[in-house]
């Protein structure tokens, strides 16, 4: 007798109105226990948003190196492949943010819509939900406003809990706009250029394709605080070292980042 | 205004002397005379240091410290012969102690010094002293005390996450991550309530963990035998440098479900043939597992070691395989879990697959298998290679 995956179980619960958001962050793990099978499952809706709040987001580690496709089908065009380590060569674990899930009625397979940290920026795709581990919940949103040269962190209720001036990419090497997420949290050593702490984001500098590490847009400290606020960087977001230290304690892996 | 009274108990007792029996008053007269004489000779004039309430602003504030009750030493006056000095020391959050000094001149019985304190400075340590340069009376006085400005305490945050839901008989726990504190000590107290207890008024279980720095702290493990929905709360006690912090009742991340043990249809029941001689009908079913088998602790990133656990009532033994290679067979569960700890330092960076194959007590049931992938990662202290 077939056994439902945790992802199917989560999807089933979502369709009856007690989705992951309603259950809360423990839901993903709570659903890791097998549940009684429900052949035929349900009909509509077929696509379930994992969160209807900008302050609540989900991410997961990959479980297998599966192909990511443009649509929830094995026949859809491949847009990427799940990786276990980040592409910048720093040896950190890759994560993927998940925005929604869809159960294909014909096959019963549940697919998850994920964001891919790769070029071009903003790439998304579908992967079998079973290719991902349990979903982790993360609260908050980091907004980088390039016009005001300011970063603001909002909590799950939309209240600003931290804000600081930033340095962004110079006009010839702009910081890209879009929706991204925090990929790595690093203690920066080996020099003062990046300050004491750094975050890797899922964004890539548009023009620095041959940069070491691939041109990942980071959020980090600096040894030139006098240039903040301003546009002195190669695309990264620079903060004064005191500000990056504070942000280090507040910002979690998987937190979405909006650069506008 | 915060005042630390420097008056010794004996001095305060004099103000109540009138209410005391006469014999007690007589016994006090001689010591008081001696004390007054000694004070005059040594010049140990009592003075106080007080501080204005401060740090109400998140962006920093000024604290004004008041020196008062300086006595004018006998035989001294202006002219530079007495240059009492004072100093104030404060320790900003995460920073070094800073000392500010100044001089006052007599005649004087009060003065003040305003010091800008960074926001959330933490414990403020203030001390003062004055000395006389005149040799005839040898007066000097010192006063030292620690003044804690409450609103200057660091304002830590506590983020909590309950363990996954379980079947009855399993264990649950809570985890609290304390951040933003200044070298915190104290305790984190975890309370378990029923989810229906919307005001968190009836504690079902309590545990306390000692805090030693910012970081993650786990509650004691609770074995829950009653099905239902529960919720945790966690409260950081605070200390001299840090304000208390707590998560509120009803936090979504603090909910945990304890479900009734049910034999899932898919894997938990296997037909078992029973001899016709003992049972009139041909076949009955009994569960292979009394609770679902779960492999935990595997998924995610690993640096130096990994502890994985397989739970499931009805499991006899568990054999663990790493990347297809047999590691060990565990026959004795600990707290209901068949566990393995793997030294990951010799593993390559990247993905590894851990498989747990369980043999069940019901010998007629097939072995079950659970697997998970973890990623061995490098240390997070690196030289970034970002765009810069």
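The values are calculated or read from the model by the stated rules, or taken from the named source; none is laboratory data. Quantities reported herein were computed from a predicted structural model and do not represent experimental measurements. Neighbour counts are summed over all protein chains in view; Cβ atoms, including those assigned to glycine, are modelled from backbone coordinates with ideal geometry.
Overview of results
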{"quantity": "Residues located in the range A:184-205, provided they are farther than 16 Å from residue B:380 by Cα and at the interface with another protein chain (Cβ under 10 Å from one of its Cβ atoms)", "calculated": "A:193, A:203, A:204, A:205"}
{"quantity": "Condition check for residue A:213: part of a helix (DSSP H, G or I) and more than 20 Å from residue A:140 (Cβ to Cβ)", "calculated": "yes"}
{"quantity": "Positions within the range A:40-88 being part of a strand (DSSP E or B), modelled with pLDDT under 90 and within 11 Å of chain B (Cβ to nearest Cβ), in sequence order", "calculated": "A:56"}
{"quantity": "Selected residue (criterion: farthest from residue B:158 (Cα to Cα)) from residues of the range A:97-149 that are part of a loop (DSSP other than H, G, I, E, B) and within 14 Å of chain B (Cβ to nearest Cβ)", "calculated": "A:108"}
{"quantity": "Strands (runs of 3 or more DSSP E) wholly inside the range B:302-388 containing at least 3 residues that are more than 19 Å from residue A:83 (Cβ to Cβ) and more than 14 Å from chain A (Cβ to nearest Cβ)", "calculated": "B:315-322, B:325-330, B:337-343, B:350-360"}
{"quantity": "Options B:213, B:186, B:169: the member that is modelled with pLDDT of 85 or more and out of contact with any strand residue (DSSP E or B) (no Cβ under 6 Å at 6 or more places or on another chain)", "calculated": "B:186"}
{"quantity": "Hits in the range A:72-103 (condition: touching a strand residue (DSSP E or B) at 6+ places or on another chain (Cβ under 7 Å) and under 13 Å from residue A:129 (Cα atoms))", "calculated": "A:72, A:82, A:96, A:97, A:98, A:99, A:100, A:101, A:102, A:103"}
{"quantity": "Qualifying residue in the range A:150-158 (condition: within 14 Å of another protein chain (Cβ to nearest Cβ) and out of contact with any strand residue (DSSP E or B) (no Cβ under 7 Å at 6 or more places or on another chain))", "calculated": "yes"}
{"quantity": "Residue A:258 in a strand (DSSP E or B), within 23 Å of residue A:55 (Cβ to Cβ) and out of contact with any helix residue (DSSP H, G or I) (no Cβ under 7 Å at 6 or more places or on another chain)", "calculated": "yes"}
{"quantity": "Failed item, numbered, when residue A:148 is tested on (1) outside the structural domain of residue A:51 (by TED's automatic domain parsing); (2) surrounded by fewer than 20 Cβ atoms within 10 Å (Cβ to Cβ); (3) in contact (Cβ under 8 Å) with a residue 12 or more places away in the chain", "calculated": "(3)"}
{"quantity": "For residue A:213: the one exception among (1) on the phi < 0 side of the Ramachandran plot; (2) within 20 Å of the chain's Cα centre (by Cα); (3) crowded, with 18+ Cβ neighbours inside 10 Å", "calculated": "(1)"}
